[in-house]
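The values are calculated or read from the model by the stated rules, or taken from the named source; none is laboratory data. Keep in mind it's a predicted model, so treat the numbers as computed, not measured. Glycine also receives a Cβ, built like all others from the backbone with ideal geometry; neighbour counts cover every protein chain displayed. The area values use the complete protein model at the heavy-atom level, side chains included, leaving out ligands, DNA and RNA. Shrake-Rupley method; radii C 1.70, N 1.55, O 1.52, S 1.80 Å.
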Amino acid sequence: QVQLVESGGGLVQAGDSLRLSCAGSARTFNFASMGWFRQAPGKEREFVARVSRSGGSTFYADSVKGRFTISRDNTKNTVYLQMNSLKLEDTAIYYCAAAFRDYAGPRMNEYNYWGQGTQVTVSS
């Protein structure tokens, strides 16, 4: 069982930055490719970014490319999502997820475990 706990969400203004963290359980974190997804009100959950098991490969949704950066620190069992130049449309609940493969993709069914989510609200 992998437990994932997100933190770092909050209320910010458009153009601001925010860093989300997701702490995983030590036993299995280093075996998982990690992803961030988000779900806005009334919309389906969508892929945001993924980092490979080693941290050497990243992959982003077009909507966040150039603004968001995913990274991981395997010594701390933590994955991060640095979000810059936030827009109103970035408002959503952000979830981290773990996939037991080296390189997971953008599909939700590739991920085995999910966190409870953290709210990010961007205001004008």
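Consider the range 30-51 and keep the residues that are outside any strand (DSSP E or B) and of a type in the set (A, V, I, L, M, F, W, C). The one that is surrounded by the most Cβ atoms within 10 Å (Cβ to Cβ) is ALA32.
Only one of (1) part of a loop (DSSP other than H, G, I, E, B); (2) open to solvent by 30 Å² or more (accessible area, probe 1.4 Å); (3) at pLDDT 95 or above is not met by LEU86, so which one is it? Tallying (1) part of a loop (DSSP other than H, G, I, E, B); (2) open to solvent by 30 Å² or more (accessible area, probe 1.4 Å); (3) at pLDDT 95 or above, LEU86 fails exactly one: (2). Of the numbered criteria (1) open to solvent by less than 20 Å² (accessible area, probe 1.4 Å); (2) modelled with pLDDT under 95; (3) closer than 15 Å to GLN82 by Cβ, the one CYS22 fails is (2). The number of residues in the range 106-124 that are under 19 Å from THR58 (Cα atoms), over 13 Å from the mean Cα position of the chain (by Cα) and assigned to a loop (DSSP other than H, G, I, E, B) comes to 2.
Among the residues here, ARG27 qualifies as open to solvent by 30 Å² or more (accessible area, probe 1.4 Å) and not in a loop (DSSP other than H, G, I, E, B). Of all the numbered requirements in (1) in contact with an Asp or Glu (Cβ under 8 Å, 6 or more places away or on another chain); (2) in a strand (DSSP E or B); (3) surrounded by fewer than 17 Cβ atoms within 10 Å (Cβ to Cβ), SER54 misses one, and that requirement is (2).
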